[in-house]
Amino acid sequence: MKKDSVIVVYIPHKGNYLEQFYGLYYSVAHKTKLYEKFDFLVCGPLSIKKLIPKDHCIFIELDELSKSDHFRYAYSGNQYGYTDSFAPFVDSKCMDHLLNYKYCLRLDVDTFLCEGILEVEIKEDEIFTGVAAYSSEFARKKLPLIMQNLSLPDQNIPNIGSTWFSTTENMIRQGARTLDYVNYFLKNEFDKHEGKWPRWYAGVILLYAGHVAINSSGLKIKKTDKFDYFSTSKNDSRDYYTIHCWHTEEFFSKFSFAAKKYKNRKPISDSYECDEYSFDCAFHGKKILDENR
């Protein structure tokens, strides 16, 4: 039976993003039966191709979009690397593949899918998003002013999360618009310095750009904390759509896991608590990756 949904991710060559992806992959392909609904489109450099799972995945080689002059900090010339995670929405090969599916889910690789996502019913004029934390009091005032200066309609919904789920056509359109606004912010809002977190910070330009794109999209924004829920929670993972590994040292922490601080801990595979669910996915995902190396 043809699947109707695709998860799109970009994996850089450097860092432990591949290890994180395997935790995400495990949550779909092994932990649950979500593979019956979702395939993966995995994009990145050719160097990672041989390590991408064959089941439920297609790999498309994609250069770093952030190498372009359009996506460099004006004051330093350095790449704004987070741009690359949206590159599939402007690449013709990727778009052709994505359009084989009715729905598209975009998320960060340090995320795990939960069975509750099967409850989501998407209408043509809707986009579901998670919850982020980029809107300081200063940003809450500044972002609407920027949108006003750009003559954009504004739903004025702050803290749009990094997880988006909508029709594939909507996702391609809003992904491309997000990259347009990344370019705008790099050129016009951070031309001299990177600012200061959390007041106004160049490190989260992608979230600012997504805010502008989604709030001016004309789509009905369905923001919910069932996306990007906390990997430290004891709540039942089946009540949520995705779990996201935020910055924390509490269990479960992606940083502690990467630092091998859980090496003497055994996963509780039959637990649905968000923290244990996350650890189980990360643990077994890494095990599969290590076997494939």
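When the residues of region 1-43 are narrowed to those that are in a helix (DSSP H, G or I) and acidic (Asp, Glu), which ends up surrounded by the most Cβ atoms within 10 Å (Cβ to Cβ)?
Here the answer is Glu19.
Within region 82-133, which residues are within 30 Å of Ser253 (Cβ to Cβ) and part of a strand (DSSP E or B)?
Across region 82-133, the qualifying residues are Cys104, Leu105, Arg106, Thr111, Phe112, Leu113, Ile127, Phe128, Thr129, Gly130, Val131.
Consider Ile205 against the criteria (1) touching a residue at least 40 places away in the same chain (Cβ under 8 Å); (2) of a type in the set (A, V, I, L, M, F, W, C); (3) in a loop (DSSP other than H, G, I, E, B): it satisfies all of them except one. Which criterion is unmet?
(3)
Filter region 102-119 down to residues that are farther than 18 Å from Ile60 by Cα, of a type in the set (A, V, I, L, M, F, W, C) and crowded, with 20+ Cβ neighbours inside 10 Å, then give me how many there are.
Count: 4.
Take region 212-253 and flag every residue that is assigned to a loop (DSSP other than H, G, I, E, B), surrounded by 18 or more Cβ atoms within 10 Å (Cβ to Cβ) and free of Cβ contacts under 8 Å to residues at least 40 places away in the same chain.
Answer for region 212-253, where residues must be assigned to a loop (DSSP other than H, G, I, E, B), surrounded by 18 or more Cβ atoms within 10 Å (Cβ to Cβ) and free of Cβ contacts under 8 Å to residues at least 40 places away in the same chain: Phe252, Ser253.
For region 134-159, give me the residue count where each residue is assigned to a loop (DSSP other than H, G, I, E, B), over 14 Å from Ala209 (Cα atoms) and modelled with pLDDT of 95 or more.
The total comes to 3.
Only one of these is in contact with a helix residue (DSSP H, G or I) (Cβ under 6 Å, 6 or more places away or on another chain), at pLDDT 95 or above and more than 30 Å from Ser237 (Cβ to Cβ): Glu61, Glu115. Name it.
Of the residues listed, the single one that is in contact with a helix residue (DSSP H, G or I) (Cβ under 6 Å, 6 or more places away or on another chain), at pLDDT 95 or above and more than 30 Å from Ser237 (Cβ to Cβ) is Glu61.
Mind listing whichever residues of region 194-211 are surrounded by 20 or more Cβ atoms within 10 Å (Cβ to Cβ) and in contact with a Gly (Cβ under 9 Å, 6 or more places away or on another chain)?
Residues satisfying the conditions are Ala202, Leu207, Gly210.
Those residues that are out of contact with any Pro (no Cβ under 9 Å at 6 or more places or on another chain), surrounded by 15 or more Cβ atoms within 10 Å (Cβ to Cβ) and not acidic (Asp, Glu), I need them from region 86-101; list them, please.
Listed by number, the residues that qualify are Phe86, Ala87, Pro88, Phe89, Val90, Tyr101.
Find all pairs meeting these conditions: Cβ atoms under 7 angstrom apart; at least six residues apart or on different chains; first residue within region 120-147 and touching a residue at least 60 places away in the same chain (Cβ under 8 Å) and surrounded by 17 or more Cβ atoms within 10 Å (Cβ to Cβ); second residue assigned to a loop (DSSP other than H, G, I, E, B) and hydrophobic (A, V, I, L, M, F, W, C).
Close Cβ pairs (under 7 Å, with a partner that is assigned to a loop (DSSP other than H, G, I, E, B) and hydrophobic (A, V, I, L, M, F, W, C)) amount to Ile127/Leu219; Phe128/Val120; Phe128/Ile122; Phe128/Phe227; Thr129/Phe227; Gly130/Phe227.
Could you please tell me which pairs satisfy a Cβ distance under 8 Å, a separation of 6+ or placement on different chains, a first residue in region 1-26 that is in contact (Cβ under 8 Å) with a residue 24 or more places away in the chain and under 13 Å from Lys254 (Cβ atoms), and a second residue that is hydroxyl-bearing (Ser, Thr, Tyr) and surrounded by 24 or more Cβ atoms within 10 Å (Cβ to Cβ)?
Once the first residue is in contact (Cβ under 8 Å) with a residue 24 or more places away in the chain and under 13 Å from Lys254 (Cβ atoms) and sits in region 1-26, its partners that are hydroxyl-bearing (Ser, Thr, Tyr) and surrounded by 24 or more Cβ atoms within 10 Å (Cβ to Cβ) give Gly23/Ser278; Leu24/Thr111.
Would region 166-187 turn up any residue that is of a type in the set (S, T, N, Q), more than 28 Å from Ile52 (Cβ to Cβ) and at pLDDT below 95?
No.
Determine which single condition Lys286 fails, assuming it passes every other condition in (1) touching a residue at least 12 places away in the same chain (Cβ under 8 Å); (2) closer than 23 Å to Ser162 by Cα; (3) of a type outside the set (Phe, Trp, Tyr).
So the condition that Lys286 fails would be (2).
The values are calculated or read from the model by the stated rules, or taken from the named source; none is laboratory data. Keep in mind the model is a prediction, meaning the values are calculated, not measured. For neighbour counting, all protein chains shown are included, and Cβ atoms are generated from backbone atoms with ideal geometry for every residue, glycine included.
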